[in-house]
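To start, the structure itself, in structure tokens.
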Amino acid sequence: MAKDKYLVSGIGPGPGGVGALMQNLVPVAKRYGFRVVVKQNCPSIRKLLAQKQYLQATNVVCQRLLREIRFSLRTRSIRGSKIIFLHPQTAGFKTLFRLTKENELFLYVMDNSFFCIRSYNCHPIEKTECLKCLGCLSNVSSQCSPFPVSIDREKNLGWLNQLRSLAPKITFLCQNNSQSKLLKMHFGANTRCIVIGMNTGELRQWNPEKPFITSSGNKRTKPFILFHGAATEPKGVDYVIRLAIQMPSQKFIIPAPLKALDQRVLPENIECRDVTWLNGLRELTQEAALVINPSMWSAPIEGALIKSLAYNQNVATVKTQHGYEREIPDEVGLLRLPHDVSEAAVLINDIIKRPNSPARLSESRLEWLEQQKKSKKFEHFIAEL
């Protein structure tokens, strides 16, 4: 008798990140007979309180309580099934452990929460890729706090230790080879890992035949450098701020409202714009002299980096030990910057002083992007599950 199949996630379909991935995964999973169990996304209570919308905040609290009850009841009824599970921080580690014991479980790994309580393994003080807890959770810094769900540190560490004991019963679905390597370094060389990539469908509207510089053509009278990512430490916003200080005559744009930068002191050459991909960020990406995606953690596949490469010829990352950027072929034409911002500034100045680039990406990059756009590794995996 065939087992029932489930897609279980603590985050439902929505804009950006895991939400964007779920928008693509849910219809694919349903097509192959999976039942989908997700927590419905709710507005931010913190934002509502900041806006003094107290009644709406109260309603959201009630919605979240009902959401938790429904999710718990549905997951408790799953036994003897095959499960693809996403985002234990929001779905609940206890739910993950319970389902692991009673089902055949595949954990689709979104971040590094399997060894880092911050989920994004960026050191809070050094602001660089941190591997201190890889294989040894007792090395956790006193400065580290659980993220994205604010829970007790010791409880979170206890759950990660429990995950290590249950890891032999789990098959880990990885986005890229570096992520698979990290899993085996943490849980052991015999850890079951399958690399299935990640396709959020965000390149669906991308047309390689159209010039990627639109409103200003190839004439960059006022060239700017665009930071493409969430305005957080792991995504590298602090690196960009330090870089801007090194390059006072160069304009930088951060696609976030000023309040999102947590009262950081910004140099005058940084402009903040509250835009998303749907209302201006795509155009900024097309028009920038350089787009920088400086993730400071062992990032797996990031949609922002792939979109940057699709819409601008000059794209930069910061060198990592285990980030996805290391796996992108050299012929794609990615500029890998050093951690030293003064050295990075020299390299960037050389790039933006070059003559205007042709309004077409290189054949090597076009071929690579087409591979990302057409990737169906996940679909092939679940079709055979």
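Assorted remarks:
- Here the calculated FRET efficiency for H339 and K94, from their Cβ-Cβ distance with R0 = 51 Å, stands at 0.85, rounded to the nearest 0.05.
- Considering only beta bridges that DSSP places wholly inside the chain, some 5 percent are antiparallel.
- Put a dot 7 Å past the Cα of A260, heading toward its Cβ, do the same for Q371, and the two dots end up 3.1 nm apart.
- In region 233-385, taking the dipole from charged Cβ atoms about the Cα centre, the farthest positive-side position among H322, L361, I382 is held by L361.
- Estimated at 0.36 nm per residue, the fully extended path between E154 and L66 surpasses their Cα-Cα distance by 29.0 nm.
- Panel order for R365, R282, R70, by other beta carbons found within 10 Å of each beta carbon, from fewest to most: R70, R282, R365.
- Between region 244-284 and region 79-118, the Cα center-to-center distance that results, in Å: 36 Å
- For region 224-373, the alpha-carbon radius of gyration amounts to 0.98 times the rule-of-thumb value 2.2 N^0.38 Å expected for a compact globular protein.
- Each residue, N59 and V332, gets one label point 7 Å from its Cα in the Cβ direction; the gap between the two is 4.3 nm.
- The alpha-carbon of K155 sits under 21 angstrom from the alpha-carbons of these lysines, leaving out residues fewer than 8 places away in its chain: K94, K101, K132.
- For region 133-207, the spread of Cα coordinates along the three principal axes comes to 48, 31, 18 Å, biggest extent given first.
- Reach of K259 by Cα under 25 Å, taken over lysines that are not fewer than 8 positions away in the same chain: K47, K52, K127, K235, K251
- For R192, residues with placed amide H under 5 Å, excluding near neighbours: F172
- The fewest-to-most ranking of M247, M185, M110 by surrounding Cβ atoms within 10 Å reads M185, M247, M110.
- Label positions at R204 and L166, each projected 7 Å from the Cα along the C-beta direction, are separated by 3.3 nm.
- Peptides 116-127, 302-313, 337-348 ordered by average Cβ neighbours within 10 Å, highest first: 302-313, 116-127, 337-348
We did not get these values from a lab; they are worked out from the coordinates using the rules stated. On a predicted model such as this, the values are computed, not experimentally measured, just so you know. Neighbour counts are summed over all protein chains in view; Cβ atoms, including those assigned to glycine, are modelled from backbone coordinates with ideal geometry.
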